[in-house]
Every structure is written in structure tokens, then in C-alpha cells.
Amino acid sequence: MENHVKKYIMDCDPGHDDAVALILAAKHLDLLGVTTVSGNQTLDKVTTNALKILEVIGRTDIPVYQGSENPWIQKLETAPQFHGESGLDGPRVPAPTTKPQSMHAVNFIVETVNKHQQLSLIATGPLTNLASALQMDHTISERIEEIFIMGGSLTYGNWTPAAEFNIYVDPEAAYKVFNSGVPIRLCGLNLTRQAFVNEKDLKVLEDINNPVSLFCRDLLDFFISSGGRKAPFKGAVLHDVCAVAWAIDPTLIKAVDMHVQVELQGKFTRGMTVCDYRHTGDQDPKTDVNHDPILPPRGESPNCTVGLELDVERFFKLLYGTIESYQ
Ligand code: BDR
Ligand code: CA
């Protein structure tokens, strides 16, 4: 008899914030596997990084599966300006002693979803693997409990004025996932920008002073500097950590349900998440579109629960408490 405790697969492209997200997930969630996807760097590099992270935290028991090398249609774009040439520049970590599994990540996702009840996915990279899994076996959309996604934005983008990196890298895959019918919890930039760290956080990690906190310190040191921001805005955002934190503690994030589409055509807006904020019932008397007297009839029904507000204090308490608990 299967033990019906929630299980997770984490699909990622580590990546500095993916690394911290994985460190958090490995402690709190029943992770059946980590799947990798090209994004922040090429597939070989992000896979090596995933193996390294698991080795640093003493969790080589979690299997790693390599996934998609390229987006569905367009050419891969990576982000060395933020994550370095290795995708995880900063900490000096030896080459991993472990290897990825021989099974492809997409097969692993399909097989695992079909085998388990109460399985959710956490996606912190481009959505290529998830879309390919849904393409390979569309029936998994009825079995996946929910998908926690770091991607998109309710406001403005980062990679382009309109688009966030993960969605921009593979918009066709994102479109497939957003239209799959699987419930989505969306951590867009509007939410993740609240998970801001700066040099004060380096000190916190230094003071915790265990191998995992020092690894995180070196990660964030690089990530903060690579952003190229100047004081008082010098810092970095732990985007991907928000998706994991939401899975661990749903009360950390205030959210509303809405319909979200992925723009595939726009000359200036390709990769944008078009969020239908109307009719959400979320009311801000000063700015809220829901107060517009000429509100048109209700649009399509919600496909996403979109994060709006992070309980920043409790988020960092969870994160630093977890890092401290690694000995
Ligand atoms: C996302 O892009 C990547 O660089 C980060 O790891 C995060 O997943 C933020 O736009
Ligand atoms: Ca990522």
C-alpha cells in the first residue's frame, strides 16, 4: 500500500536561487527526484550543478534526471550575466562524485506521476520538461495535484520589459503547461521581488557557520554582485525559493485566483504572462481595476492562483532556520 503523503518532483536549472530553493525543499518535502532543464545555463552545466548541490547538503539519495537541452521552438538563451559561466559561480565545490540517472527527465516525470497519488511539481526553470511530459501523456494532467511555478509576472518583466526569464526562454512550453488544466500556483516577479537579499544576509549566513550556510553565503555573494545594482539597491532576489516555500507553508503567501495566458505572438510582449486581474475580488481602493465601473463581463475561468504578497519575515525565518538545521 502506498503511503499517501504528498510527494514532489523539483524541475530546475540551477542557478543560484534554484540552489537555495533545492536546499529548502530537500529538508521539508518528500522529493522523489530532481529534474534538470536548460535555462540559466546549458543542460550539462545545470545538471552538474544539481548533483553538486545535493552532495554539499548530503542528499545524494535524491536522484537527478537530465531533461531537455533546448526549448520547444526557439534557440536557447542562457543567463551567464547573473549565474556565471558554470551557472553556479561563486562557491568552490569539487566536481560531483555522482551521476545523473540514465532515464530522461520527461520519462521520469510521466512514470512517477502515473505511479503516485498526491504528487505535485515545483518548476523553477523554463517549462520545457513539464510541457513535454504533458505532450507525451496528456492523462497526467488529471493526476498531478498542482504545479508550483516560478515564472512570469503580474506587473513588469526582467528579461524584456514584458517577459520574465523562465517563460521567455520557452513560451510555447509555458503555454502548454498553463493550458493543461493542472492547478498552478504562480510565483511571478511581482511576488518574488519581495524575497530580496543584500549584504546583511551574507553576515547572517556567515554567523550560522555550517558548511551549507557558508555554501549559501558564497552563492549569494556572487549573485548579489552579478546583479550589478549599486547601493542602496545592491542585492539579489531569491525568486525560486518562493515556489518551494509556498509548497512547504501555504500561509506564507497571499494569493488570488485568475486566468493567466502566455503571449506567443507579440513583437514586444512574447513570453509575457497576461494576467486577468479583473473580477479577482482583490480590492485596493486606490488602484484596483475591480473598482472600474465599466468592468466588462467575466473572462475565462481562473487557471492559476497568483501570489501577491509574501510574509517576508516568516519566509526568511523558515529559510535561515532550515539552513541552520543542516549540520
Ligand atoms: C528566474 O530566472 C532565473 O535566472 C532564476 O533562476 C529564476 O528562476 C527569474 O526570472
Ligand atoms: Ca531558476
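The values are calculated or read from the model by the stated rules, or taken from the named source; none is laboratory data. Everything numeric in this text was worked out from a predicted model, so none of it was measured. In this analysis, Cβ positions are derived from the backbone assuming ideal geometry, glycine residues included, and neighbour counts consider all displayed protein chains. Protein only, heavy atoms only, side chains kept; ligands, DNA and RNA dropped before computing areas. Shrake-Rupley method; radii C 1.70, N 1.55, O 1.52, S 1.80 Å.
Restricting the search to the stretch 205-236, which residues are of a type in the set (A, V, I, L, M, F, W, C) and farther than 28 Å from Gly151 by Cβ? Of everything in the stretch 205-236, those that are of a type in the set (A, V, I, L, M, F, W, C) and farther than 28 Å from Gly151 by Cβ turn out to be Ile208, Leu214, Ala231. Within the set Lys6, Lys45, Lys75, Lys52, the sole residue that is of a type outside the set (A, V, I, L, M), open to solvent by 40 Å² or more (accessible area, probe 1.4 Å) and within 14 Å of ligand 2 (Cβ to nearest atom) turns out to be Lys45. Taken together, the residues in the stretch 157-187 that are more than 9 Å from ligand 1 (Cβ to nearest atom) and under 22 Å from Leu76 (Cα atoms) amount to 13. Going through the stretch 198-223 one residue at a time, which ones are surrounded by 21 or more Cβ atoms within 10 Å (Cβ to Cβ) and farther than 23 Å from Gln327 by Cα? Answer for the stretch 198-223, where residues must be surrounded by 21 or more Cβ atoms within 10 Å (Cβ to Cβ) and farther than 23 Å from Gln327 by Cα: just Phe223.
Quick check: anything in the stretch 174-181 within 16 Å of ligand 2 (Cβ to nearest atom), touching a Ser or Thr at 6+ places or on another chain (Cβ under 6 Å) and not in a helix (DSSP H, G or I)? No, there is no match, as no residue in the stretch 174-181 is within 16 Å of ligand 2 (Cβ to nearest atom), touching a Ser or Thr at 6+ places or on another chain (Cβ under 6 Å) and not in a helix (DSSP H, G or I). What about Asp30, is it open to solvent by 20 Å² or more (accessible area, probe 1.4 Å) and without any contact (Cβ under 8 Å) to a residue 60 or more places away in the chain? So Asp30 passes the test.
Per this entry, Glu300 is not counted among residues that are open to solvent by 80 Å² or more (accessible area, probe 1.4 Å) and modelled with pLDDT of 95 or more. Annotation: Asp207 fulfils all but one of (1) in contact (Cβ under 8 Å) with a residue 40 or more places away in the chain; (2) more than 13 Å from ligand 2 (Cβ to nearest atom); the unmet one is (1).
Filtering the stretch 86-136 to residues that are touching a Phe, Trp or Tyr at 6+ places or on another chain (Cβ under 6 Å) and open to solvent by less than 10 Å² (accessible area, probe 1.4 Å) leaves Ala105, Ser120, Ile122. Among the strands (runs of 3 or more DSSP E) confined to the stretch 1-95, the ones with at least 1 residues that are farther than 19 Å from Leu127 by Cα are located at 7-12.
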